[in-house]
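The values are calculated or read from the model by the stated rules, or taken from the named source; none is laboratory data. As the structure is a computational prediction, the values presented were derived from the model and not from experiment. Ideal geometry is used to build each Cβ from the backbone, glycine not excepted, and the neighbour counts take in all protein chains shown. Note: areas computed on protein heavy atoms with side chains; ligands, DNA, RNA excluded. Shrake-Rupley method; radii C 1.70, N 1.55, O 1.52, S 1.80 Å.
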Amino acid sequence: MRYLILFKALLKQEFILMRRYLFNTIVSLIGIYIIFLLIFFGAHALGGGAPEFGATLDAIVVGFLVWTFALFAYSDLAHGMVREAQEGTLEQLYMSPVGFTWVSLFRIVSRFWVMLTFNIMLLVLMMATTGRWLHLDVVSLLPLIVLTLAGVHGMAFATGGLALVFKRVESFIGILQFAVVGLIAAPVGRFPLLRYLPLAEGNRLIRRVMAEGLSIFELPATDLLFLLANSVLWFGLGFLAFKLLVNVARDRGLLGHY
Amino acid sequence: MTEPVLEVRNLTKVYRQRRGEDVVAVDDIGFIIKKNEVVGLLGPNGAGKTTTIKCICTLIRPTSGSIRINGTDAQRNTRIALRHVAAVLEGNRNIYWRLSVRENLEFFAGLQGIRSGRVRSYIDELIEMFQLKEKERTDARNLSRGMQQKLAVACALVKKTEVLLLDEPTLGLDVETSHELRFALKEMARRGERTIILSSHDMSVVQDICERVIIVNNGKIVTDDQVANLLRLFQASAYRFEIEGRLSKQQERQLEERFEMLKISETDHHTEIEAQLEDGNRIYEVMDILKAGDSRIRSIARKEPNLEEIFLNIVKGGKN
Ligand SMILES: Nc1ncnc2c1ncn2[C@@H]1O[C@H](COP(=O)(O)OP(=O)(O)OP(=O)(O)O)[C@@H](O)[C@H]1O
Ligand SMILES: [Mg+2]
């Protein structure tokens, strides 16, 4: 019961903040949309003639979608943690008798729905402008997105934890956001080793669903299992590192120390 | 009334430094606090108050020692222990600045695992008690510093824990809001519903609110007693002598050698001597010294003590 109550409290907080800061969110969405337009029409102008170019454009839309997802997930979590440490509320979260682990997990789950709403809006906008209507098979996409983001959250937890202990890592978070782009654009086909990193494999499978119109049941089971293992591993490692680092911070008296 | 709610035993915290010497912030501290006691943790800057409080609410991992809250070991069964303790930490950083007063209160109830329906009327009561009714829907960041602090205390209270830890709750508040907050805390102490530990380096706050005081300095407990006892003890032994003219150098030296906490102040025509005399008979020692130098004594009186002087005295005594 306590778990449910905690989850509801966190979810409610997200929605209150979303409503109250709707304007800010919309402004950043427009910013992202403009970047998208530049990339899309840039690519269009460069390679518009080639017959297989449609597929590339689809890939750009999907890649962009996954990127915004990953970016929001990553920076929300890592930056959010640093900010709460600075503002002092992280210590209050830590003192929840339901447990800090659950607070952290519920927080990302409740953020996910807010993020999903905005990303769907962005996607519709992108598809409308480009005229490329992709397959929105929700049953196939949702699990793929969740798994893909799990790996990203693992990275965010680890860097957030690092920032609690080593305050200078904070500036590093901004840089890592762009590393995420690299992972999405990673040519997994040519360098299979890249599959072992977070995000790359998930992005590839999401593209197959959205651009090629496959359902999740038509994807190779080995690929799905690989994604599952990859996500669980990255998330697990990241979260473990986070818990370890929080304890280091507790040891040094740094949980709310800025 | 006598069951211990908080037991701190041999608590030590050493901050390891990569460069320079390790800092021993808390050095083998121990105390037991009973249900509904209101205890002040008094000490100068750097005494180890914050570290002690954060160890109790598990935000800092002690180097050694044990902490039991309502009988639960705080290090082994952290989550169970945390059901019984809420804390307002130093500074104005315990609430969400972008949530309103009521939203903050509801959120912190939820964080504690309490359904909002079950605390709705209590939230109303808290808003009333801390005079936040008009600001109920205002974002915390737009409140005055004093109101933010009141909200922070209310957010700790809404968790309905037995133990409430307050680290420097009146620090940085202007006189008026500080008094308002003190009034609310006193009211709570009077009702006897919570066990409160309040840290401060301001003795008047402790004297005002707490019945018992633990004085810490350099990470160690120097005194642990009822405030009333301390005041009485010092009242019995603090004397003020007034003499005509001035003391000779020799008299001054003799007095300084033999009495602690001596204060000598001279004006044009007379001199005031304040001294702490553990034994009433020592008055005669002072008089002997004064007489030997032919000083004329105008008056001898008992001095009204305040916690501030007691504190300074004890802390100075604790250092050497
Ligand atoms: N995270 C930390 N790392 C290293 N040393 C620390 C840390 N926190 C506190 N200290 C040191 O430990 C000692 C006790 O600090 P603490 O904050 O507990 O004292 P305090 O009584 O709360 O003081 P204040 O009145 O200034 O708040 C001080 O010497 C302080 O410099
Ligand atoms: Mg302090």
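Close amide H pairs (under 5 Å, H built 1.01 Å from N) link B:N70 with B:L6, B:E7, residues at least 5 positions away or on another chain. Estimated translational diffusion coefficient (Stokes-Einstein, Kirkwood radius over Cα pairs, 4 °C, 1.567 mPa s) of segment B:3-84: 98 µm² per second.
Both chains summed, the buried accessible area for A and B stands near 3400 Å², from protein heavy atoms and a 1.4 Å probe. Over all directions, the projected convex hull of the C-alpha atoms in segment B:217-263 averages 5.1 nm² in area. Loop-located GluC sites (Glu not before Pro) in segment B:75-176 (DSSP state other than H, G, I, E, B) with a sparse environment of at most 14 neighbouring Cβ atoms within 10 Å: B:E136.
If you roll a 1.4 Å probe over segment A:2-251 with all protein chains in place, what percent of the accessible area is carbon or sulfur? Of the solvent-accessible surface of segment A:2-251, carbon and sulfur hold 73 percent.
For chain B, treating each Cα as an identical point scatterer without solvent, what Debye log10 I(q)/I(0) comes out at q = 0.08, 0.14 1/Å? Debye intensities relative to I(0), on a log10 scale: -0.47, -1.05. Given +1 at the Cβ of Lys and Arg, -1 at the Cβ of Asp and Glu and no other charges, the dipole of segment A:2-251 around its Cα centre is 460 debye to the nearest 20. For segment A:152-201, the convex hull drawn through the C-alpha positions has a volume of 68 cubic angstrom per residue. Label sites at B:N45 and B:R302, each approximated as a point 7 angstrom past Cα along Cα to Cβ, lie 3.7 nm apart. Helix-only arithmetic for the protein assembly as shown: the sum of -39500 (n - 2.57) across DSSP H runs with n ≥ 4, divided by the residue total, places the mean residue ellipticity at 222 nm at -19000 deg cm²/dmol. For chain B, relative contact order (Cα pairs under 8 Å, six or more residues apart, normalised by length) works out to 19 percent. The string of couplings for segment B:179-185 from the Karplus curve (6.51, -1.76, 1.60, θ = phi - 60°) is 5, 4, 5, 4, 4, 5, 5 Hz, one whole number per residue in order, with x for Gly and Pro. Within chain A, the longest run free of trypsin sites (Lys or Arg not before Pro) that sit in a DSSP loop with at most 12 other Cβ atoms within 10 Å is A:1-167. A crude spin-label estimate for the pair B:Q250 and A:Y3, with each label 7 Å from Cα along the Cβ direction, gives 8.5 nm.
Taking only the alpha carbons of segment B:240-309, we obtain Rg and Dmax values of 11.5, 35 Å in that order. Average accessible surface for chain B: 47 Å² per residue, computed with a 1.4 Å probe over protein heavy atoms with every protein chain in place. Stretching the chain fully between B:R61 and B:N10 yields a gain of 17.0 nm (0.36 nm per residue, less the alpha carbon separation). Each label was represented as a point 7 Å from its Cα along the Cα-to-Cβ direction; for B:T138 and A:T117 these points are 2.8 nm apart.
What accessible area per residue, rounded to a whole number of Å², is obtained for segment A:2-251 using a probe radius of 1.4 Å?
45 Å²
Quick one, what does Rg over Rh come out to for segment A:95-137 if you take C-alpha atoms and the Kirkwood Rh? Rg/Rh for segment A:95-137 comes to 1.30.
How much length is gained if the chain between B:H179 and B:E125 is pulled fully straight, taking 0.36 nm per residue apart and subtracting their Cα-Cα distance, in nm to one decimal?
17.5 nm
Ordering A:A229, A:A73, A:Y33 by the projection of their Cα atoms onto the charge dipole of segment A:2-251, which places +1 on the Cβ of Lys and Arg and -1 on the Cβ of Asp and Glu, puts A:A73 at the extreme positive end. Within the full protein context, the accessible area of A:H79 is estimated at about 80 Å² for a probe radius of 1.4 Å. Amide hydrogen proximity for B:I60: with H placed 1.01 Å from N in the peptide plane, the residues at 5 or more positions away or on another chain lying under 5 Å are B:C55. Loop-resident chymotrypsin sites (Phe, Trp or Tyr not before Pro) (DSSP state other than H, G, I, E or B) in segment A:120-182 with no more than 12 further Cβ atoms inside 10 Å of their Cβ: A:W133.
With a Förster radius of 30 Å applied to the beta-carbon distance between A:R195 and A:T101, the computed FRET efficiency rounds to 0.55.
One Cα centroid belongs to segment A:205-258, the other to segment A:98-175; the line between them spans 10 Å. Size descriptors for the protein assembly as shown (Cα atoms only): Rg and Dmax, in that order, 31.6, 117 Å. Restricting the calculation to Cα atoms, segment A:2-251 shows an Rg/Rh of 0.98 when the hydrodynamic-style radius is the Kirkwood one.
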